[in-house]
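J.: One structure follows; several queries about it will come next.
Nothing in this text is a laboratory measurement; each read-out follows from the coordinates by a stated rule. No experiment lies behind these values; they were computed from the predicted model shown. Every residue, glycine as well, gets a Cβ built from its backbone with ideal geometry; the counts of neighbours run over all protein chains shown.
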Amino acid sequence: MAQFRRKPHRKSILRQDAVRVGGEVIEQQGVVRSTQLKKDPIKHRQKADAIGRIVGIASAVWLVEEESVYAGVHTEPLTLTHECITGGVMTTDNPEDESLLAVGDWVDFARLPDDPSRGVIIHVHKRSTRLFRYSPVEHRVHVIAANVERAVFVHAVTQPRFSRRLLDRHLVAAELGDVEPVIVFNKIDLGILPEVENAMSFYRDQLGIRMCLTSTITGEGIESLRLLMRSATSVFVGASGVGKSALVNTCFGINLQAVRSISKKYQRGRHTTTNARLFHLPGSGQLIDTPGLREFALARIEAEQLALYFHDFDPYYPHCKYMPCTHTHEPDCAVRAAVESGEIDVERYESYLLIFESLVNQENL
Ligand SMILES: Nc1nc2c(ncn2[C@@H]2O[C@H](COP(=O)(O)OP(=O)(O)OP(=O)(O)O)[C@@H](O)[C@H]2O)c(=O)[nH]1
Ligand SMILES: [Mg+2]
Ligand SMILES: [Zn+2]
């Protein structure tokens, strides 16, 4: 991808440091983190003249919305949106191994004197929460959305086929990122298979996770989804083609996002949404639509810790003979005994084994 340069601005060379690769943003050299900054970081930040929130990315330019939009009722938020690039010196309060910028981030930025609709990001504020995964391309933590209270994991009951394996990864990621999980089963107009029905009652009744059953065709469940997203920032996450963008459009009653049919041959979505984008819900609350992710590798978790995130195992693992126990092969394992007696859902245990194995493989990379 071509890297374009602008003319020198003030003393620093402005450089395009972020490029987009398959819906994911990677950073190039040229950004200095606060820890590396030789000069006084506070002085550096004084160059900024506004605080804003990243609401999207377009052609490798970050869209930053002024903080005032969040202060009260707004009618035309776009007039307060600035197209920002990253400068040669940018600081961050976030760990080095994760995405430098993400939709939902709060940033300090400086408006360009000759064009205040454009600006330069100077500093990224500490993220309170983040939904993240391990990026196998980047070999680092990909922050899908930052400062979100809720992750709405959208799954289709069919087309594409519902995957419990993916949902179980989603739930671990929510807990790792300090985000409340909500499950949306979309496309219920297509009929619900018995195994999907079983999964619904498992996650709702046994794990106590909030759930909405929706259809963008009949409108069923949309009102309860809207209510659930009030007065907080929610992010829609799910595989391509499950209907995330169709749900955004239905929640707003207008076509904000492009929607495209799934491939008939492969029963998969076509990666219609390519960038995360934040929208203000009517009334209160924000909603971030994201590109579909087929793979969802977990980050910042070791295989040995995985069981702690499978809360249906909680009553059993203190009774395992060995401590620590991985619940994969050890004798007298209470978790495996509970699977055999049917007290632990066998599908959950299968997910556990698969995720465990992938974490071991990741650690050995
Ligand atoms: N039958 C049915 N089809 C739906 C429903 N919601 C969405 N669809 C269809 O599912 C297809 C994919 O919808 P999108 O909204 O583009 O899916 P997405 O999750 O945003 O996909 P990506 O942007 O690729 O991640 C489209 O053909 C939609 O019309 C629903 O409730 N019922
Ligand atoms: Mg989409
Ligand atoms: Zn065990």
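J.: Per residue of region 142-153, what does 6.51 cos²θ - 1.76 cosθ + 1.60 with θ = phi - 60° give for ³J(HN,Hα)? Whole Hz please, x for Gly and Pro, Karplus curve as stated.
T.: 8, 7, 6, 7, 10, 6, 10, 7, 9, 10, 9, 8
J.: Taking K126 as the anchor, which aspartates and glutamates have their alpha carbon closer than 16 Å to its alpha carbon, excluding any fewer than eight residues away along the same chain?
T.: Leaving aside aspartates and glutamates fewer than 8 places away in the same chain, those within reach of K126 are E67, D93, E96, D97, E98, D105, D108, E149, D178.
J.: Sort 357-364, 60-67, 259-266 for me by packing, meaning the mean count of neighbouring Cβ atoms within 10 Å per residue, highest on top. Walk me through the intermediate numbers first.
T.: Details: 357-364: 13.6, 60-67: 20.1, 259-266: 12.1.
In descending order of packing, they fall as 60-67, 357-364, 259-266.
J.: Over all directions, what mean area does the Cα convex hull of region 227-365 project, stated in square nanometres? Don't skip to the answer; put the middle values down first.
T.: Working: hull surface 47.4 nm².
Orientation-averaged projected area of the Cα hull: 11.9 nm².
J.: For R268, enumerate residues with amide H under 5 Å from its amide H, sequence gap 5+ or separate chain, H modeled in the peptide plane.
T.: Residues meeting the criterion, in which the H sits 1.01 Å from N, are S263.
J.: Taking the Cβ of V179 as the centre, find all other residues whose Cβ is under 9 Å away and add up their charges (Lys, Arg: +1; Asp, Glu: -1).
T.: So the environment of V179 carries a net charge of -2.
J.: OK, next. Once the cut-off is 22 Å, how many percent of the Cα-Cα pairs in region 241-321 end up in the long-distance tail? Could you put the intermediate results ahead of the total?
T.: Details: 1630 of 3240 pairs.
That fraction is 50 percent.
J.: Could you work out the equivalent-ellipsoid semi-axes for region 130-289, taking the square root of 5 times each eigenvalue of the Cα gyration tensor, largest first, in whole Å?
T.: On the way: eigenvalues 84, 72, 64 Å².
After diagonalising the Cα gyration tensor, the semi-axes are 20, 19, 18 Å.
J.: Same structure again: Ratio of alpha-carbon Rg to the 2.2 N^0.38 Å globular estimate for region 136-213, to two decimals, please.
T.: Compared with the compact-globule rule of thumb, region 136-213 sits at 1.17.
J.: What's the extension gain from K47 to A258 if we count 0.36 nm per residue and subtract their Cα-Cα distance?
T.: Values: separation 211, 0.36 × 211 = 75.96 nm, distance 3.76 nm.
That pair, K47 and A258, stretches by 72.2 nm at full extension.
J.: For the peptides 208-214, 340-346, what is the packing order when you average, over each peptide's residues, the other Cβ atoms within 10 Å and list the highest mean first? Kindly include the intermediate steps, with their values, before the conclusion.
T.: Values: 208-214: 18.7, 340-346: 13.3.
Output ranking for 208-214, 340-346: 208-214, 340-346.
J.: Got a sec to turn the phi values of region 338-354 into Karplus ³J(HN,Hα) couplings, 6.51 cos²θ - 1.76 cosθ + 1.60 with θ = phi - 60°, whole Hz, x for Gly and Pro?
T.: Rounded to whole hertz, the list is 5, 5, 5, 7, x, 6, 9, 4, 5, 5, 5, 5, 4, 4, 4, 4, 5.
J.: Taking amide H atoms as placed 1.01 Å from N in the peptide plane, list the residues 5 or more away in sequence, or in a different chain, whose amide H sits under 5 Å from that of R140.
T.: Those lying under 5 Å, H to H, from R140 are S135.
J.: If you don't mind, there's one more thing I want to ask. Mind giving me the nanometre distance, one decimal, between the label points for N198 and S231, set 7 Å out from Cα along Cα→Cβ?
T.: Using points 7 Å along Cα→Cβ, the separation is 4.0 nm.
J.: What FRET efficiency comes out for the pair S341/H311, r = Cβ-Cβ distance, R0 = 22 Å, nearest 0.05? Spell out each step's value before the answer.
T.: Details: r = 18 Å, r/R0 = 0.84.
So, using R0 = 22 Å, E works out to roughly 0.75.
J.: Along region 244-261, what does the Karplus equation 6.51 cos²θ - 1.76 cosθ + 1.60 (θ = phi - 60°) give for ³J(HN,Hα), rounded to whole Hz, x for Gly and Pro?
T.: 4, 5, 4, 5, 4, 4, 5, 5, 8, x, 9, 8, 8, 10, 6, 10, 9, 5
J.: On to the next question. Can you give me the long-range amide H partners of A156? Hydrogens built in the peptide plane at 1.01 Å from N, cutoff under 5 Å, separation of 5 or more residues or another chain.
T.: N186
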